[in-house]
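Please treat every number below as a calculation from the coordinates, not as lab data. All values derive from a computational prediction rather than experimental measurement. So basically every Cβ, Gly included, is an ideal-geometry build from the backbone, and we count neighbours across all protein chains shown.
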Amino acid sequence: MSERIKWLDGWRGLVCCLMVGYHLMYDCIIFRWLPYAVTQWWPVFFLQRFIALSFIFLAGVSARLTRSNLRRGLITAGAGLLVMAGGAVAGEPILFGMLQFLSVAMVLYHFAGRYADKVPDRLAPWLWAGLYLVTRVISYTVFVQPKWLFWLGLRAPGFQSSDWVPVLPNLFMFLLGAWFGKKLLAAPADSRLRTAGAPTWLRQVGRRTMLVYLIHQPVLYGACWLVSRAMG
């Protein structure tokens with residue numbers, strides 16, 4: 001698709017802004033300016049899920065609109081390594097976080113997306129949503145002994161990661177996004193699905209999602225550290 005879809009960029013921009021705010025809250029907890037209990041509030045929980053699922057869904061949509069999912073996947077994998085390294089330096093290990101998942105999902109879709117496309121359009125959204133819900137319950141309630149299955153969605157007791165986005169259930173949310181992307185491609189050029197707008201500044205942020213993802217936390221943490229030093 002030659003023309004960018006403005007509301008998709010706007011949605012990405014909104015999610016980026018929410019992510020920055022969410023991580024700023026966590027930095028304030030690290031510096032003891034906020035109590036850890038705020039992470040248990042239900043609005044914070046739903047905010048975190050909205051941010052994560054939006055990133056995954058939108059990546060699935062983009063899988064339909066991009067020229068090369070393999071290229072996107074490899075670039076995302078490289079960015080994921082940078083984030084892992086940063087987490088290790090900060091003492092916050094990341095084992096299969098968002099960027100690791102997205103890179104795997106993009107590469108898988110490059111090689112096997114045609115098989116998912118064989119699912120009838122009327123069935124696909126119900127199938128992917130249903131499988132997401134079922135595998136999410138399994139992923140968060142079933143524990144296994146082999147420690148290396150964490151990337152798939154099966155954790156060993158005591159598993160910890162600052163960011164954990166396993167293949168299951170999240171691959172099905174990615175496929176739901178890919179199904180929606182197919183609908184976008186099939187929509188008439190003058191339909192609201194293709195022409196709906198969004199504020200320019202949000203679209204600009206949304207077009208720089210990877211840059212924001214990579215630099216926002218070092219900037220936020222650094223700013224909080226400087227403030228803490230100034231406060232004594």
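Rounded, prolate or oblate: which fits segment 83-125 when a ≥ b ≥ c are the square roots of the eigenvalues of the alpha-carbon gyration tensor, with rounded for a/c under 1.5 and prolate only if a/b beats b/c? Prolate is the answer for segment 83-125, as a/c is 1.5 or above and a/b outweighs b/c.
What's the magnitude of the charge dipole for the chain around its Cα centre, counting Lys and Arg as +1 and Asp and Glu as -1 at the beta-carbon? Answer in Debye, nearest 20. In debye, rounded to 20, the chain gives about 540.
Cut-off under 22 Å on the C-alpha distance; same-chain residues fewer than 8 positions from Lys6 excluded. Which lysines are left, in chain and number order? By straight Cα distance, Lys6 reaches Lys182, Lys183. Think of the chain as having a plus end and a minus end, set by charges on the Cβ of Lys, Arg, Asp and Glu; of Leu149, Tyr109, Leu193, Leu193 sits farthest toward the positive end of this dipole. Per-residue ellipticity at 222 nm from helix content only, as computed over the chain with -39500 (n - 2.57) for each DSSP H run of at least four residues, stands at -23500 deg cm²/dmol. For the listed peptides 21-32, 71-82, a ranking on the average number of other beta carbons within 10 Å per residue, highest first, reads 71-82, 21-32.
With the charge dipole of segment 100-232 set up from +1 on Lys and Arg Cβ and -1 on Asp and Glu Cβ about the Cα centre, the Cα lying farthest toward the positive end among the listed residues Ser139, Val205, Leu127 is that of Val205. Figure legend: label point modelled 7 angstrom from the Cα of Ala112 along Cα→Cβ; residues of segment 71-106 with amide N under 14 Å from it are 104-106.
Peptides 178-186, 195-203, 221-229 ranked from most to least packed by the mean count of surrounding Cβ atoms within 10 Å: 178-186, 195-203, 221-229.
Per residue, the Cα convex hull of segment 104-232 amounts to 182 Å³. Computed extension length for Ala156-Gln204: 13.2 nm, one decimal, from 0.36 nm per residue of separation with the Cα-Cα distance subtracted. Sorted largest first, the principal axis extents computed over the alpha-carbon atoms of the chain equal 60, 48, 33 Å. Our estimate of slack between Arg4 and Ala230, defined as 0.36 nm per intervening residue step minus the Cα-Cα distance, is 76.9 nm. Taking Lys and Arg as +1 and Asp and Glu as -1, the other residues whose beta-carbon sits under 12 Å from that of Lys183 total +3.
Classified by the C-alpha gyration tensor, segment 35-122 has an oblate form. Its axis ratio a/c, with a ≥ b ≥ c, is 1.5 or above, and a/b does not exceed b/c.
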